[in-house]
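Report on one structure; see the data block that follows.
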Amino acid sequence: MNTARQTTWIVLFWAVMHAAWASDVQIQDPYVRAVPPGQRVTAAFFVAVNASTQPRAIVKAQTDTAERAELHEHIHDGGVMRMREVPRVVIPAGGRLAFEPGGYHVMLIGLKRALQPGERIDLTLVLDDGSRITVHPEVRRVQPHSGAAHQHHSTNH
Ligand SMILES: [Cu+2]
């Protein structure tokens, strides 16, 4: 009886620790780039902070606001900036990684409605340990600046 009780406590302890461990990744300052009406593609940015002693990877993004959410990176390809989908983005142990214009971002493809600056959408990030983090990025007007904007989004300047 004592042993069974002990086992219960160990399982409970493990569950609590595991939950705490899974939440060691935090998403700070999430936002979404405001786009002109009719444009159905935009991107979400944030800073991912990993307080654990293990590297963690973001392996998937989901949102109700768009038909698809993809993890993207920007690469320099013969002087041209391009972006491509990546299967995972690693946040180093005890470190942080910025998703920012010109770098990693979550591409939202096929927006289901127009986004108003100031409103918030839902974005869920899935980690490699199966945990999920839902954040509420604010829609913001982001000034394009040289080299850092989505090249295929900027028009004439
Ligand atoms: Cu992209």
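Each reported figure results from applying straightforward, stated rules to the coordinates on display, with no laboratory input. Nothing here was measured: the structure is a model prediction, and the numbers come from that model. Please note: Cβ atoms are built from the backbone with ideal geometry, for glycine as well, and neighbour counts cover all protein chains shown.
Worth a mention:
- Counting neighbouring Cβ atoms within 10 Å and putting the fewest first, the residues THR124, THR63, THR134 line up as THR134, THR124, THR63.
- Order of ASP129, ASP64 under a 10 Å beta carbon neighbour criterion, fewest first: ASP64, ASP129
- Listed from fewest to most Cβ neighbours within 10 Å, the set GLU70, GLU85 follows the order GLU85, GLU70.
- Long-range amide H partners of ALA66 with built H, under 5 Å: LYS112
- Expected-Rg normalisation [2.2 N^0.38 Å, Cα atoms] applied to region 26-90: 1.30
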